[in-house]
Amino acid sequence: PIQSRRLPFSTGATNNEEAAAKAAALDADKGAPTIFDKIINKEIPSNIVYEDEKVLAFRDINPQAPVHVLVIPKSRDGLTELGKADPRHEEILGQLLYAAKIVAEKEGILDGFRVVINNGASACQSVYHLHLHVLGGRQMKWPPG
Ligand code: TR5
């Protein structure tokens, strides 16, 4: 099917969530507005953990750890995914990573936390507005799946 034309290897999707994420990524107009625009504009509620002029951090609706916060740029500016970054994004990329540290500090998980970016269909990216996942509050395992 379409997935095997686009991906260099079998997806091996074993559950609905994974399959749905891949399908969304393959079908999506990756330049289209996302649900995160509505969160940024406060059109839909979110549980905000940290906010400044450039960055917003809010709790993931489907947490994978006791602490699971998403850190996003308020202006997407072409950053649908990390792989689209170019030199003009260097500053915001640094600001996002630093915001992840502030989130970890506020959440009391500085002793152990993980920062994840899923890039593209084969990494199960489902929202095409760059976001860092900050995960912690439990023992994390390695390697991730
Ligand atoms: O799979 P990737 O890396 O693209 O991560 C997208 C993340 O956005 C997932 O962990 C989702 O659980 C999360 N997500 C999706 C929605 C959402 C959200 N987090 C907070 N609030 C959300 N709303 C209101 N709606 C979503 N569709």
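Quick notes
- Within the stretch 100-135, backbone nitrogen closer than 12 Å to the virtual label 7 Å beyond the Cα of GLU18 toward Cβ: 122-124
- In terms of other Cβ atoms within 10 Å, TYR98, TYR50 run from fewest to most in the order TYR98, TYR50.
- Residues in the stretch 128-142 that a label on ASP77 would reach, taking backbone N under 17 Å of a point 7 Å out along Cα→Cβ: 129-132
- Charge context of PRO66, other residues only, Cβ under 13 angstrom, K/R +1, D/E -1: +1
- Panel order for LYS42, LYS30, by other beta carbons found within 10 Å of each beta carbon, from fewest to most: LYS42, LYS30.
FYI, it's all coordinate maths here, none of it is from the lab. Just so it is clear, the model here is predicted, and its values are computed rather than measured. Every residue, glycine as well, gets a Cβ built from its backbone with ideal geometry; the counts of neighbours run over all protein chains shown.
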